[in-house]
1. Only Cα pairs under 8 Å and at least 6 apart count here; give the relative contact order of the chain as a rounded whole percent.
2. Accessible area per residue, 1.4 Å probe, Å², for the chain: what's the number?
3. How long are the semi-axes of the equivalent ellipsoid of the chain, taking √(5λ) for every eigenvalue λ of the Cα gyration tensor, in whole Å from largest down?
4. Would you mind telling me the share, in percent, of accessible area of segment 14-76 contributed by carbon and sulfur at probe 1.4 angstrom?
5. Which value in deg cm²/dmol, rounded to the nearest 500, describes the helix-derived mean residue ellipticity at 222 nm for the chain, given -39,500 (n - 2.57) per DSSP H run of n ≥ 4 and division by the residue count?
6. For the pair D35/R73, report the inter-label distance in nm, with labels modelled 7 Å from Cα in the Cβ direction.
7. For F11 and K66 in one chain, what is 0.36 nm times their gap in residues minus the Cα-Cα distance, to one decimal in nm?
Amino acid sequence: MFPPHMHRFVFAFFMSLWLCFLMTGIVTLLNTGIDADYPLRWANAFMVSWPIGYSLVVLSAGKVGKITARLVRQPA
């Protein structure tokens, strides 16, 4: 489907989509509770946060990967 060099962007797409979906839902619930307008508030929060989350994952993935590699021992 996608060439190997696109792995980073496809991974960032799905990871940011999933995390922003869950986090905005939980934070919206905690901050405002559930009522008839909850789905709309959640959708608005998600639409603002997801592009930001995607951009941050793409931009920081390399640095975070390097930090992780330093912290995790490689198999012998």
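1. Values: 31 pairs, mean separation 28.8, N = 76.
Reported as a whole number, the value is 38 percent.
2. Details: 6280 Å² over 76 residues.
That works out to 83 Å² per residue.
3. Details: eigenvalues 198, 50, 19 Å².
Equivalent ellipsoid semi-axes, largest first: 31, 16, 10 Å.
4. Working: 3710 of 5000 Å².
Of all accessible area on segment 14-76, carbon and sulfur atoms account for 74 percent.
5. Working: 2 runs with 60 residues, N = 76.
Helices in the chain give a 222 nm mean residue ellipticity of -28500 deg cm²/dmol.
6. About 5.5 nm separates the two model spin labels.
7. Working: separation 55, 0.36 × 55 = 19.80 nm, distance 1.69 nm.
Value of the extension gain: 18.1 nm.
The values are calculated or read from the model by the stated rules, or taken from the named source; none is laboratory data. Note that the coordinates shown come from a computational prediction; the quantities given were computed from them, not determined experimentally. All Cβ positions, even for glycine, are placed from backbone atoms using ideal geometry, and neighbour counts span all protein chains on display. Ligands, DNA and RNA are stripped out before the accessible areas are found, and what is left, the full protein with its side chains, is counted by its heavy atoms. Shrake-Rupley method; radii C 1.70, N 1.55, O 1.52, S 1.80 Å.
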